[in-house]
Amino acid sequence: MLGPGNGPVQIPEDAIRRRVAELGAAIAQDYQGRTPHLICVLNGAFIFMADLVRAIPLPLTLDFIAISSYGNAFKSSGEVELLKDLRLPIHGRDVIVVEDIVDTGLTLAYLLDYLEARKPASVRVAALLSKPQRRQVEVPIHYLGFEIEDAYVYGYGLDRAQFDRNLPFITSIRPEEE
Ligand code: IMP
Ligand code: MG
């Protein structure tokens with residue numbers, strides 16, 4: 001447990017709650033009359049997923065996939081490994097990928113290819129955070145919580161060396177501390 005950092009990105013609990021409610025309402029509006037299938041990208045998105053699905057007043061199904069691109073290091077390696085596959089078929093489904101953060105975009109690009117190969121009816125992306133300055137490949141984000149500057153962030157499901165996922169807010173360390 002390292003606790004809150006004094007980096008530039010600090011997003012309090014109530015700001016997250018409000019934004020997640022807005023994202024849920026936007027999704028509910030866009031998917032009216034349909035049954036979206038939400039895919040949570042473990043581990044980082046588990047809290048965002050739990051809050052987001054409760055903010056979508058529609059019939060929906062969900063599943064989990066685990067992908068690793070980071071290991072324990074703070075820098076993206078560019079290598080993506082499938083750690084846990086989907087349980088449910090996505091053929092013909094309206095899929096919404098639920099990600100914690102889009103950094104270089106490499107993980108999401110890999111995942112979108114992987115999903116498209118299984119012929120869903122549609123695929124959209126909901127990401128809590130995005131660091132546009134760090135992007136290496138362009139990826140679509142249809143529902144974005146917060147655009148943030150380039151700092152290592154953690155809390156609200158995101159880890160710092162596997163700890164602090166249970167912080168109810170998002171905090172960061174200064175780049176020179178990484
Ligand atoms: P990307 O492939 O570089 O876009 O990285 C995506 C994954 O790396 C995210 O889904 C996170 O799991 C992890 N990641 C990237 N930046 C951060 C960060 O600032 N804090 C915690 N995890 C991060
Ligand atoms: Mg992730």
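Summary of values
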read-out	value
Subset of segment 36-60 (residues that are touching a Lys or Arg at 6+ places or on another chain (Cβ under 8 Å) and β-branched (Val, Ile, Thr))	Ile47
Lone unmet requirement of (1) part of a loop (DSSP other than H, G, I, E, B); (2) touching a helix residue (DSSP H, G or I) at 6+ places or on another chain (Cβ under 7 Å) for Asn166	(2)
Residue satisfying condition, being more than 30 Å from Asn6 (Cα to Cα), of a type in the set (Gly, Ala, Ser) and either under 13 Å from the mean Cα position of the chain (by Cα) or within 15 Å of ligand 2 (Cβ to nearest atom) (or both), within set Ala126, Ala109, Ala121, Ala117	Ala109
Residues of segment 1-34 that turn out to be part of a loop (DSSP other than H, G, I, E, B), in contact (Cβ under 8 Å) with a residue 24 or more places away in the chain and surrounded by fewer than 19 Cβ atoms within 10 Å (Cβ to Cβ), as a count	11
Residue in segment 10-51 that is farthest from Leu129 (Cα to Cα), counting only those that are more than 16 Å from ligand 2 (Cβ to nearest atom) and β-branched (Val, Ile, Thr)	Thr35
Whichever residue in segment 100-143 is part of a strand (DSSP E or B) and not hydrophobic (A, V, I, L, M, F, W, C) and, among such residues, is farthest from ligand 1 (Cβ to nearest atom)	Ser122
Check on Asp85, near ligand 1 (Cβ under 9 Å from one of its atoms) and acidic (Asp, Glu)	no
Odd one out for Pro89 among (1) loosely packed, with under 14 Cβ neighbours inside 10 Å; (2) closer than 21 Å to Gly157 by Cβ; (3) away from ligand 2 (no atom under 16 Å from the Cβ); (4) of a type outside the set (S, T, N, Q)	(2)
Filter result (touching a Leu at 6+ places or on another chain (Cβ under 9 Å), loosely packed, with under 14 Cβ neighbours inside 10 Å and either at pLDDT below 95 or assigned to a loop (DSSP other than H, G, I, E, B) (or both)) within segment 144-163	Ala161
Residue match in segment 38-56 (condition: surrounded by fewer than 18 Cβ atoms within 10 Å (Cβ to Cβ), free of Cβ contacts under 8 Å to residues at least 60 places away in the same chain and assigned to a loop (DSSP other than H, G, I, E, B))	yes
Matching residues in segment 169-178 - criterion: being surrounded by fewer than 18 Cβ atoms within 10 Å (Cβ to Cβ) and either within 16 Å of the chain's Cα centre (by Cα) or closer than 15 Å to Ser130 by Cβ (or both)	Phe169
Verdict on Leu82 being exposed (fewer than 15 other Cβ atoms within 10 Å of the Cβ) and either of a type in the set (A, V, I, L, M, F, W, C) or closer than 19 Å to Leu2 by Cβ (or both)	yes
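The values are calculated or read from the model by the stated rules, or taken from the named source; none is laboratory data. Please read all numbers here as calculations on a predicted model, not as lab measurements. Here the Cβ is made from the backbone with ideal geometry for all residues, glycine too, and neighbour counts use every protein chain on show.
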